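Peer 1: I have a structure I would like to understand better, so I am pasting it below and will then ask my questions one at a time.
The values are calculated or read from the model by the stated rules, or taken from the named source; none is laboratory data. Quantities reported herein were computed from a predicted structural model and do not represent experimental measurements. Cβ placement follows ideal geometry from the backbone for every residue including glycine, while neighbour counts extend to all protein chains displayed.
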Amino acid sequence: MKEYLHTPVLAEEVITYLKCQRGGIFVDATIGEGGHTLEILRASRQNKVIGIDWDQEILERTRKRVNTYSDRVTLIHENFTHLPQVLRTLGVEQVDGLLFDVGVSSVHFMEEKRGFSLHRNGPLDMRMDTRRKLTAYDIVNHFPLDKLATILRRYGEERWATRIAKVIEKERQQKDIRTTGELAQIVSRSIPRQHHSRSIHPATKTFLALRITVNEELKNLEDILYEAPLLLKRGGRIGCISFHSLEDRIVKETFKRRGSACVCPPSLPQCICGGKEQVLKIITKRPLTPRPEELKNNPRARSAKFRVAERV
Ligand SMILES: C[S@@+](CC[C@H](N)C(=O)[O-])C[C@H]1O[C@@H](n2cnc3c(N)ncnc32)[C@H](O)[C@@H]1O
């Protein structure tokens with residue numbers, strides 16, 4: 001197994017703000033390579049962690065890494081949107097803390113065969129859960145032009161979305177676009193040279209948009225953040241680390257909705273609960289961000305934002 005470890009972001013803040021020193025049951029809903037989980041386990045001998053990841057390959061790496069704590073860790077291969085069912089199956093009613101560190105792991109970028117990386121040539125895949133059907137290849141080669149452009153604009157916030165989609169359509173009429181390398185080149189060519197950024201690859205936003213679409217990342221986050229507070233004991237805390245503005249907006253808005261007296265699902269046109277029940281109290285009015293010392297050691301953390309709320 002190749003050895004590359006994802007450095008946990010805002011680890012000290014996670015331990016402090018989720019009150020991990022007090023001993024309890026914590027859910028690491030995006031356990032990844034287990035960086036935060038190891039910190040939680042070390043914070044108190046009384047701590048137990050239920051670790052969830054949608055990626056079986058990553059979970060197997062983590063199983064080896066947390067082996068010494070196997071009596072205090074339960075690993076589950078599942079979409080975190082199924083957290084209520086997971087806890088029910090384990091016979092756990094409510095927990096002391098919930099952590100979401102959303103997005104992808106460094107492993108996803110390092111393994112070319114997973115097709116997430118702009119810089120390592122691999123098949124256009126990008127699925128976290130390889131049991132699912134839709135891949136980046138399907139979107140790039142088969143989605144209609146306008147749908148493709150919408151995805152790039154909405155999830156990548158890409159100003160050249162239509163132009164990129166048109167060039168992709170032209171290319172795919174000649175032959176299928178099969179690899180990350182081919183796509184990165186096509187996108188680069190679609191954006192006028194004078195608009196290429198010096199610091200990021202011109203296809204970064206396109207790759208982000210495809211990854212979000214393949215894995216329904218924003219929908220998953222929205223769904224679970226609304227439900228998850230009900231799985232906390234009173235005084236238990238939920239924390240979410242996000243890496244781009246679309247995610248952070250969802251965290252902020254969902255905590256705010258759960259922090260107000262109305263608990264109706266957002267799909268309802270008007271309040272039917274009578275507005276009696278406030279579920280969360282917001283702990284971080286503004287998101288916490290990494291301190292300069294952390295950024296020096298882990299520049300990948302630069303866009304991280306951590307928001308925390310407490311069950312009332
Ligand atoms: C940023 S990494 C987590 C890193 C981890 N906190 C650590 O310190 O090692 C995010 C992880 O969440 C997983 N993930 C993303 N969406 C998920 C979902 N809907 N359900 C479960 N896991 C998910 C990814 O597979 C990835 O391993």
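Peer 1: Tally time: how many residues in region 249-290 are acidic (D, E) and closer than 14 Å to D223 by Cα?
Peer 2: Result for region 249-290: 1.
Peer 1: For the structure I just gave you, tell me whether F109 is more than 9 Å from the ligand (Cβ to nearest atom) and in contact with a Gly (Cβ under 9 Å, 6 or more places away or on another chain).
Peer 2: In short, no.
Peer 1: What residue, among those in region 18-41 that are charged (D, E, K, R) and farther than 14 Å from V104 by Cα, is nearest to the ligand (Cβ to nearest atom)?
Peer 2: Result: D28.
Peer 1: Another question, if that's okay. Out of region 111-135, which residues are exposed (fewer than 15 other Cβ atoms within 10 Å of the Cβ) and not in a loop (DSSP other than H, G, I, E, B)?
Peer 2: K113
Peer 1: Now, a different point. I'd like to verify a number: residues in region 121-131 that are of a type in the set (A, V, I, L, M) and near the ligand (Cβ under 9 Å from one of its atoms), how many?
Peer 2: 1
Peer 1: Condition (residue is within 16 Å of the ligand (Cβ to nearest atom) and over 25 Å from I139 (Cα atoms)) applied to region 249-272: is it met by at least one residue?
Peer 2: yes
Peer 1: Only residues that are free of Cβ contacts under 8 Å to residues at least 12 places away in the same chain and within 15 Å of the ligand (Cβ to nearest atom): list them for region 83-106, please.
Peer 2: Correct list: Q85 only.
Peer 1: Something else: Can you name the residue in region 238-284 that is free of Cβ contacts under 8 Å to residues at least 24 places away in the same chain and charged (D, E, K, R) and is also farthest from Y226 (Cα to Cα) among such residues?
Peer 2: The selected residue is K276.
Peer 1: If you don't mind, another one. On the basis of being modelled with pLDDT of 95 or more, farther than 29 Å from L41 by Cβ and either away from the ligand (no atom under 12 Å from the Cβ) or among the small types (G, A, S) (or both), does L118 make the cut?
Peer 2: Spelling it out, it is not the case that L118 is modelled with pLDDT of 95 or more, farther than 29 Å from L41 by Cβ and either away from the ligand (no atom under 12 Å from the Cβ) or among the small types (G, A, S) (or both).
Peer 1: Right, next: Out of the residues in region 222-261 that are within 30 Å of E182 (Cβ to Cβ) and hydrophobic (A, V, I, L, M, F, W, C), state the one that is surrounded by the fewest Cβ atoms within 10 Å (Cβ to Cβ).
Peer 2: Checking each candidate, the answer is L246.
Peer 1: Identify, by number, the condition in (1) touching a strand residue (DSSP E or B) at 6+ places or on another chain (Cβ under 9 Å); (2) surrounded by 12 or more Cβ atoms within 10 Å (Cβ to Cβ); (3) not acidic (D, E) that T206 doesn't meet.
Peer 2: The failed condition is (1).
Peer 1: From the list L230, L246, L225, exactly one residue is over 13 Å from the mean Cα position of the chain (by Cα) and part of a helix (DSSP H, G or I). Which is it?
Peer 2: L230
This table checks each residue for (1) part of a helix (DSSP H, G or I); (2) without any contact (Cβ under 8 Å) to a residue 60 or more places away in the chain; (3) among the acidic types (D, E); (4) not assigned by TED's automatic domain parsing to the domain that holds G239.
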site: L148; (1), (2), (3), (4): yes, yes, no, yes
site: T162; (1), (2), (3), (4): yes, yes, no, yes
site: Q173; (1), (2), (3), (4): yes, yes, no, yes
site: I177; (1), (2), (3), (4): no, yes, no, yes
site: A184; (1), (2), (3), (4): yes, no, no, yes
site: Q194; (1), (2), (3), (4): yes, yes, no, yes
site: S199; (1), (2), (3), (4): no, yes, no, yes
site: F207; (1), (2), (3), (4): yes, no, no, yes
site: L221; (1), (2), (3), (4): yes, no, no, no
